[in-house]
Amino acid sequence: MSKTDDTQTPTTAGTRTGTGTDRTSIRVDDPIMEIRNASVTFDMERGESRVLDDVSLDIERDEILGIVGESGSGKSMFASALLDAVVNPGILSGEVTYRPRGDAEVDVLGLSPEELRELRWEEISMVFQGAQSSFNPTITIRAHFEETIEAHNYNMEQAMAHARELLSDLYMDPDRVLDSYPHELSGGMQQRTLIALSLVLEPNVLVMDEPTAALDLLMQRSILSLLEDLQEKYDLSIVFITHDLPLVAGLADRLAVMYAFEFVEVGPAGDLIGNPTHPYTRSLLKAVPNLDTPLAEMRPIDGMAPDPVDVPQGCSYHPRCPLADETCRAEDPAYHSVSPDHQSACFHWEDSAEAIPLSTGGDERGGGDGEMRAFAGNQSDEPVVSLENVDVHFDQVADGGLLSVFQEPDTVHAVDDISLDVYENDVVTLVGESGCGKTTLGKAVIGAQRPTDGTVAYRGQDIWEAKDSRRGADIPYEHIRRSLQMIHQDPGSSLNPNRKVQASLEAPLKRWEPDMDPDDRQERILSLLEYVGMSPPGDYAQRYPHQLSGGEKQRVALIRALLMNPDVILADEAVSALDVSLRVEVMDLMLELQDLFDTSYVFISHNLSNARYFSGKAGGRIGVMYLGELVEIGPAEQIINDPQHPYTKVLRWSTADLDIEETVEDPPLRGIDIPDPVDPPSGCRFHTRCPEAREACTREQPTLGGHGDGTEHETACFREYDESHEYWDSEPVVEDDADATADDESGSWGHANE
Amino acid sequence: MGTVKRTEETDDRPPASLEETIADGGTIAGDEASADTPFGTVSSGTMSRRDRYEMLVNEWVVAPFKILWSDWRARVGSLIILAYVLMGTVGVRVVDPPRVGEGDRLVSPFEDLSHPLGTDNMGNDIFAQIVHATPPMLEMIVAGAVFTTVMAVVVGTLSGYKGGRTDQLLMTFNDILMTIPGLPLVIVIAVILEPRSPWLVGVIITVNAWAGLARAIRSQVLTLREESYVEASRLMGISTPQIVMKDIMPGLMPYILVNFVNSARSVIFASVGLYFLGILPFTELNWGVMMNLSYETGGALYTWETAHWLLAPMITIVILSFGLILFSQGTDRVFNPRVRARHTSAADPEEGDDDMSGEVATHIRG
């Protein structure tokens, strides 16, 4: 172990030669784990790939350490390194020391396989992303617990009692959960169960790798607040790895920002958010869509993260950094102490605040062209697409084999009685939890999903009538089909993996303009590729999808939709799968192209910050959906700043802010799990979770326009009705209302709020 | 691609037809897309027909061949298959057909240069028999493999992609075929039809062998059709046959090819087996017939003197089957876009292989 006082001065900063720089200055008083000079390398055809580059970090006892980085920055590798679980053929070097209470020291990398097995789970345990794939679908949750306990020779009874305690700490009914099979639990419950499972052997350190990435915002926030309680109750040290900076900002005690396989800035959460000194941290903070920053302040980070085989010489961030100078290009910066426990690996940490201003201030970021366009939607009077009382119901086939023929199929009410108009140059963003029917409604808008009831009209022509009758329609179906396009959520499957970009983009042109000269076709594709920033376009056109990054794939999908020259594009979570720093860029591009091509967007998102950015910048609307119903719709800024419906308020709560003062508090709702859409609650569907629910809500359903004061902002809640409505006289719904929780998942926040 | 000549956007050509179509539709007023937007660009350079054909050949012939050649299994496999094809085409012209009594009876192999593999009990040259049995054998293999694959692909994709009533009908028929035991069915058909043409024999042997493959392909289509890019194609109004050809089939091709080669192997075994059992009428020379005769009249199983008569056709079959297996293992690489990407760029001298950067990195990033 080296001494604490070295490398505090720039003089000891070494250049990246051989084993690299000495960056051992990040220390804490009472570390539970110490990582020194950990590197992970993979031998590849193209050279040695360094996916963890000489990383040193301490984890303090009983702290929550947030590790933030974009995908491919090496954060998962760091988690694997902590447990000496780097997959073959990766080679881990360096030191990882675990210090249980007392003076004991365990050299994790020197353990025998048997000792390592004991260390994992009993001392250090890990929660992975994607709970579904972490469970064995063929055995019950109880069997998972028992298997774990047995494998580590713990006392079964005591351990199971502990498991029950953990499950109830996580607001689940232990008996019900233990007897379930994994698929019987919702995603949020699975993730909570996984956390309980990882804690059942009472480890001291819990490593969580994107534990909430697959969940809804609401569930994410709920789990985070539970984590804080757990951490206090069981004296855990938690390493929380995520790409979502705002998410951990309120939770973590310390934050470490990773870029290009090393930590560029480490410090107490408040310091790091309030006074970030590394240019990357600052740019990242600006790039993350959130609810507070003025829209004009948000900027994508230029350039791309480096390739692990070919990390730039000197400071790895210099190609993207506005402050980079000769020193940065030549030398790898050591950590500079901003304050005793806040370190930043940048030569220019003192100047970064000036160069990259975070809060308001007109001065432009260095290197940026400063062009900031407001994309005002000039909406038409006549709607392009108009939905009237649209219902979409799905019959859920019961898995009873032959006998199911005699059963009445369960009907899922994916969309229930929604009317919505989309105008020219309009932006409508649909927000809601997963399973609320956003995608189904979106597909109904573009005529990809036939409604069970109600009409969908394109410029006055009923789409499905046009399709069925073929002739006789005012606007032929072919034309309608062409005018309504879609961009899918998953960049991985939005392009045919077997076709080159060029072939994928030629398909719509060949279909709709068969007479077009092949050279013109080629030229048009190339110029569009260039326009969206993929240059050289000739090179990109000849690539297969696997040679593109996620952002590039989404751009190609966007071009493909635009080549049809559509009137409405449905963008189904089009940016959700992208890295945070890319989201703003892609959304900007979409809006810029809207200006050029005169299209409208129906943008679907589960994330209120993205919705705010996208709709807000275009002067569009946000519609909030809950269980197949539109509960509130209005101009973006109004929905964000002045939400009326209790559910919108909940969503607003769940969207993490960069505000460090705000701790994760209990949510303003009574149950965290969504009722079953097969059997939605009577009356107002939100009444089972609504903190404002009264008797009237259980009987009668509020409507969107019924109480209108003439503005665009409409809310389906009795609280918006005037005082003569019976809501104001009826009794609040009691907490233990049997009806409210009958179909509900077992989890209830009731006790938490009391 | 280096063959594409293009210049920067020019204003001197009329705007591309897209704006005209917009005007036709009458939905968007004005011609807002002027020449400086990406939509207005027109090419002024031309790519000759020849260039385009060259590109196609490069992509569909040269590149797949290179990929195949880069894999040793496919290389060995295709050489073996090529040798058999040569034997069936050139060989039959070079080697005289076997005649009774052209040599002594039961000459051992490698003894007499004029009878390299020896002779049978009638003095027929065994090598000549093997060579002259090759063309009907190859015809049978091709007929059987093509029939199986085409039936399975057509039924499987149609029923998987269309779904609903079509799916139900086709799958019911398919399931019936699957439940009929294959061998007795083939025997009955063979007895009734007494097929003589090798093409017909090939089809009869595989008469219900395609049903299993069709089901497997259907289930693959069921997953592929839910992919976003297939939905995108549907929304673009692209016709169903086009979607099946361009979006569905390429994903199935590795599977189909491997099964094509496997069914070729099963045709060999089945036909040889049936000839050996004497169920199919002997009209022409066949490896199975040779084995049958060596066993029935030569007692090749019991004496070393006639063993070569049995072993020669047997080894011929084993080598061909081995070649087909190697070939099929090599072919699945041809349709792998990752491998393709490397080879199409390598086939083009003007393009470096620098476009690979970043791709491999994604494998290892968590």
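The values are calculated or read from the model by the stated rules, or taken from the named source; none is laboratory data. Just so we're clear, the structure is a prediction, and the values are computed from it rather than from any experiment. Here the Cβ positions follow ideal geometry from the backbone for every residue, glycine too, while neighbour counts run over all protein chains shown. To get the accessible areas, we keep the full protein, side chains included, count just its heavy atoms, and leave off ligands, DNA and RNA. Shrake-Rupley method; radii C 1.70, N 1.55, O 1.52, S 1.80 Å.
For every residue, the table says whether it meets (1) open to solvent by 20 Å² or more (accessible area, probe 1.4 Å); (2) at positive phi; (3) more than 11 Å from chain B (Cβ to nearest Cβ); (4) in contact (Cβ under 8 Å) with a residue 40 or more places away in the chain.
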residue: A:Gly533; (1), (2), (3), (4): yes, yes, yes, yes
residue: A:Pro536; (1), (2), (3), (4): yes, no, no, no
residue: A:Arg555; (1), (2), (3), (4): yes, no, yes, no
residue: A:Met564; (1), (2), (3), (4): no, no, no, yes
residue: A:Leu627; (1), (2), (3), (4): no, yes, yes, yes
residue: A:Leu630; (1), (2), (3), (4): no, no, yes, yes
residue: A:Ala636; (1), (2), (3), (4): no, no, yes, yes
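Restrict the check to segment A:327-339 and report whether at least one residue is touching a residue at least 12 places away in the same chain (Cβ under 8 Å), under 27 Å from the mean Cα position of the chain (by Cα) and buried (at least 22 other Cβ atoms within 10 Å of the Cβ). No, segment A:327-339 contains no residue that is touching a residue at least 12 places away in the same chain (Cβ under 8 Å), under 27 Å from the mean Cα position of the chain (by Cα) and buried (at least 22 other Cβ atoms within 10 Å of the Cβ).
Restricting segment B:235-261 to residues that are outside any helix (DSSP H, G or I) and not β-branched (Val, Ile, Thr), the residue that is most open to solvent (accessible area, probe 1.4 Å) is B:Ser239.
Looking only at segment A:109-130, decide whether some residue is farther than 28 Å from A:Val96 by Cα and open to solvent by 10 Å² or more (accessible area, probe 1.4 Å). Among the residues of segment A:109-130, not one is farther than 28 Å from A:Val96 by Cα and open to solvent by 10 Å² or more (accessible area, probe 1.4 Å), which makes the answer no.
Condition check for A:Asn607 on (1) open to solvent by 10 Å² or more (accessible area, probe 1.4 Å); (2) in contact with a Pro (Cβ under 6 Å, 6 or more places away or on another chain): one failure, at (2). Using the structure shown, decide if A:Lys443 is in contact with a Lys or Arg (Cβ under 9 Å, 6 or more places away or on another chain) and more than 20 Å from A:Phe597 (Cβ to Cβ). Considered against the rule, which asks whether it is in contact with a Lys or Arg (Cβ under 9 Å, 6 or more places away or on another chain) and more than 20 Å from A:Phe597 (Cβ to Cβ), A:Lys443 comes out as no.
Annotation: A:Val575 fulfils all but one of (1) more than 11 Å from every other protein chain (Cβ to nearest Cβ); (2) among the β-branched types (Val, Ile, Thr); (3) in contact (Cβ under 8 Å) with a residue 40 or more places away in the chain; the unmet one is (3). Under the condition of being of a type outside the set (A, V, I, L, M, F, W, C) and open to solvent by 20 Å² or more (accessible area, probe 1.4 Å), which residue from segment A:503-518 is nearest to the other protein chains (Cβ to nearest Cβ)? The qualifying residue nearest to the other protein chains (Cβ to nearest Cβ) is A:Arg511. Whether a residue is open to solvent by 30 Å² or more (accessible area, probe 1.4 Å), farther than 23 Å from A:Arg50 by Cβ and modelled with pLDDT of 80 or more was assessed, and A:Leu358 does not pass this test.
Residues in segment A:538-553 that are farther than 23 Å from A:Ser283 by Cβ and hydroxyl-bearing (Ser, Thr, Tyr) were compared, and the one that is least open to solvent (accessible area, probe 1.4 Å) is A:Tyr544. Would segment B:155-162 turn up any residue that is surrounded by fewer than 17 Cβ atoms within 10 Å (Cβ to Cβ) and modelled with pLDDT of 90 or more? No: zero hits. Among residues of segment A:87-104 being among the β-branched types (Val, Ile, Thr) and under 16 Å from A:Arg36 (Cα atoms), the one that is surrounded by the most Cβ atoms within 10 Å (Cβ to Cβ) is A:Val96. Out of segment A:458-502, which residues are among the small types (Gly, Ala, Ser), closer than 19 Å to A:Tyr601 by Cβ and more than 27 Å from the chain's Cα centre (by Cα)? Selection gives A:Ser483 alone. Go through the residues of segment B:209-228 one by one and say whether even a single one is farther than 16 Å from B:Leu158 by Cα, at pLDDT 85 or above and facing chain A (nearest Cβ under 10 Å). Yes; the residues of segment B:209-228 include at least one that is farther than 16 Å from B:Leu158 by Cα, at pLDDT 85 or above and facing chain A (nearest Cβ under 10 Å). Out of the residues in segment A:482-497 meeting the condition of being closer than 19 Å to B:Ala341 by Cα and open to solvent by 40 Å² or more (accessible area, probe 1.4 Å), tell me which one is nearest to the other protein chains (Cβ to nearest Cβ). Ranking the candidates gives A:Pro497 first. Within segment B:49-76, the only residue that satisfies the criterion of being more than 18 Å from the chain's Cα centre (by Cα), more than 25 Å from A:Arg521 (Cα to Cα) and open to solvent by 90 Å² or more (accessible area, probe 1.4 Å) is B:Trp72.
Which one is farthest from A:Leu562 (Cα to Cα) among residues in segment A:519-531 that are under 31 Å from the mean Cα position of the chain (by Cα) and facing another protein chain (nearest Cβ under 7 Å)? Step by step, filter segment A:519-531, then rank; the result is A:Tyr531.
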